[in-house]
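Chemist: Below you'll find the structure I mean.
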Amino acid sequence: MTNRQVIERGGLDTTDEWIVSRTGIHRRRVAGPGVSTGDLATAAARAAIASAGPAGPRPDLVLLATTTPDRPCPATAPEVAHRLGLGTVPAFDLAAVCSGFLYALTTAAALLRSGTCRAPLVVAAEKYSAITDPLDRDTAPLFGDAAAAVLLRPGDVAEPGALLETDWGSDGGGCDLIAVAGGGARLPAPGDGLGREERYFRMRGRQVYAHAVRRMAASSAAVLGATGWRPGDVRAFIGHQANQRILDAVADRLGIAAQHRFGNIRDVGNTAGASVPLALADAAARGVCAPGAPTLLTAFGGGLTWASATLLWPDVPVRSSAPEARPRPLDGRPDAGPGSRPGTPSPDTSSPAGPPPAGPPPDTQPDGEPGNELADKEVSAP
C-alpha cells in the first residue's frame with residue numbers, strides 16, 4: 001500500500017512528500033482479509049525451518065514476539081507450533097512491542113545456554129493493520145504487517161551467525177507513550193463499547209523520538225562495550241525500522257559510518273517487532289556483508305522497552321519469499337504444506353514441505369563454546 005493509498009483511505013490531511021521526508025517510508029504491506037498474526041507467523045516459521053535444510057535442527061521451543069496476538073487468550077505460539085507439526089514442544093508469546101524480537105532472542109539464547117532447549121525457534125509477527133486507526137494522521141502512514149523468524153542452535157563463538165552479547169531494559173514510567181488503551185483488564189470492551197481513542201494504537205511522537213534515540217544509543221554502547229568492540233568495528237548496523245530520522249540519529253550518535261547502516265523501512269514501513277529480523281533477512285539476501293562481519297542490532301518499543309545484540313553476520317541461505325500465509329484450518333489439524341497429505345505433519349519436521357532452500361543447507365555444527373548460531377532466518381510478508 002503506497003502513501004497515497006493510505007492518505008486516500010483515511011482522508012488524511014498530509015502528503016506523500018511529507019510522509020517520506022518525516023519517516024522515510026514510501027510503502028508498506030498489509031495482510032489480506034482473514035489472514036491473522038498466527039498465519040503470518042506460521043508461514044515465516046515454516047520457511048525458516050525449511051531454509052535450514054534436512055541437516056538443520058528440529059525446533060524444540062517456539063517463542064512468538066507479537067503485539068497483535070490472534071486472541072487475548074490463549075497465546076498464539078502453541079497453535080503455531082501445532083500447525084508446524086512440532087508436537088508438544090513448549091511455546092509461548094512474548095510482548096515487548098517493537099523490542100519484541102530482541103527480547104525473544106535474548107530469552108531464547110539464555111534458555112539455550114542453560115541447556116533448557118537445543119533449537120529455539122524465534123518468530124516475530126505483527127498485524128498492525130488490526131490495531132492502527134486509518135483515520136489517524138500520526139500513525140496510519142507508519143505501520144505495515146509482516147513476520148520473520150530465526151532458528152538458533154549451539155555453536156562456536158567464532159563462527160558466522162554467533163550471537164555474542166545482549167543488553168535490554170525497560171522503563172514503565174513511559175507506559176502511556178506507546179499504547180492501545182482498551183481491550184485489557186484495565187479497560188475491557190464489553191459489547192465492543194470502546195471509542196477510537198481506546199480501540200486503536202496511539203503514540204506520542206515527539207516524546208517517543210527522544211526516548212528512542214537516547215535508549216537505543218545507550219543500549220548499543222553498552223552491548224558494544226560488553227563485546228569489546230568499538231563503533232568503528234561494526235560492519236552492519238540494523239536498528240528498529242521505526243523512522244529513518246531516528247535510525248540516522250542513533251547511528252550518528254554512535255559514530256557508525258553510513259555505508260554500514262542497513263534497513264528496508266522505505267518499502268515495508270514500521271513492522272514493529274518484526275522489523276529487525278525482517279531487515280536482517282533482507283540485507284542478507286542482498287549479500288551486503290561478508291559472513292562473520294561484526295553486526296549490531298538494536299530496538300526500542302512500548303513499555304517502554306529497549307534491547308540490543310551483537311553477532312557475527314550469518315552465513316546461511318535466506319528465502320525472500322515465504323509460503324503464502326493461509327487461514328487456520330477449521331478442523332484444528334496441523335497445516336499441510338505443498339506435497340504433504342492433508343491433515344498430517346511433514347514426515348521430517350526439520351525439513352517441512354515447501355520450496356527448497358535457496359542454496360545448500362548449512363553445515364551441522366557440534367557443540368562448542370557457549371554461543372548461538374543463527375541456523376536460519378526467513379521473512380514472511382503478505
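The values are calculated or read from the model by the stated rules, or taken from the named source; none is laboratory data. Please read all numbers here as calculations on a predicted model, not as lab measurements. Cβ: placed from backbone, ideal geometry, glycine included. Neighbour counts: every protein chain shown. The area values use the complete protein model at the heavy-atom level, side chains included, leaving out ligands, DNA and RNA. Shrake-Rupley method; radii C 1.70, N 1.55, O 1.52, S 1.80 Å.
Chemist: Between Gln207 and Arg118, what FRET efficiency follows from the Cβ-Cβ distance if R0 is 30 Å, with the result rounded to 0.05?
Modeler: The calculated FRET efficiency here is 0.10.
Chemist: Now for a separate question. So which trypsin sites (Lys or Arg not before Pro) in the range 125-188 are both in a DSSP loop and have at most 10 other Cβ atoms within 10 Å of their Cβ?
Modeler: Sites meeting the loop and neighbour criteria: Arg186.
Chemist: Leaving out ligands, DNA and RNA, and with a 1.4 Å probe, what % of the accessible surface on the range 160-218 is carbon or sulfur?
Modeler: Exposed carbon and sulfur together represent 50 percent of the surface.
Chemist: Roughly how many nanometres apart are two label points built 7 Å out from the Cα toward the Cβ at Ala158 and Arg196?
Modeler: Spacing of the two 7 Å Cα→Cβ label points: 6.0 nm.
Chemist: Then there is this: So for the pair Phe92, Ala290, with labels modelled 7 Å out along Cα→Cβ, what separation do we get in nm?
Modeler: 4.2
Chemist: Taking the Cα centre of the range 121-184 as origin and charging only Cβ (+1 Lys, Arg; -1 Asp, Glu), how large is the dipole, in debye to the nearest 20?
Modeler: Taking the Cα centre of the range 121-184 as origin, the dipole is about 240 debye.
Chemist: Additional query: Hey, how much of the P(r) for the range 146-244 falls beyond 17 Å, as a percent of Cα pairs?
Modeler: Roughly 69 percent, once rounded to a whole number.
Chemist: Can you give the FRET efficiency to the nearest 0.05 for Asp176 and Trp229, using r as the Cβ-Cβ distance and R₀ = 35 Å?
Modeler: With a Förster radius of 35 Å, E is 0.50.
Chemist: Turning to a different aspect of this structure: Once you have the Cα-Cα distance between Glu8 and His26, take 0.36 nm times their residue separation minus that, and quote the gain in nm to one decimal.
Modeler: My answer for the length gained is 5.0 nm.
Chemist: Pulled fully out, how much extra length does the chain show between Asp138 and Ala55, if you take 0.36 nm times their separation in residues and subtract their Cα-Cα distance?
Modeler: Using 0.36 nm per residue and subtracting the Cα-Cα distance, I get 25.2 nm.
Chemist: Moving on. How big is the shadow of the Cα convex hull of the range 195-256, averaged over all directions, in nm²?
Modeler: Directional mean of the projected Cα hull area for the range 195-256 stands at 5.0 nm².
Chemist: Per residue, how much accessible area does the range 10-83 show when a 1.4 Å probe rolls over the protein heavy atoms, in square angstrom?
Modeler: That works out to 36 Å² per residue.
Chemist: Ok, one more. Once the piece of chain linking Cys73 and Ala185 is laid out straight, how much longer is it, given 0.36 nm per residue of separation minus the C-alpha distance between them?
Modeler: 39.1 nm
Chemist: Further, regarding this structure: At a Förster radius of 56 Å, what calculated FRET efficiency corresponds to the Cβ-Cβ distance of Ala110 and Asp16, to the nearest 0.05?
Modeler: 0.80
Chemist: Turning to a different aspect of this structure: How much of the accessible area of the range 1-135, probe 1.4 Å, is carbon plus sulfur, in whole percent?
Modeler: C and S fraction of accessible area: 58 percent.
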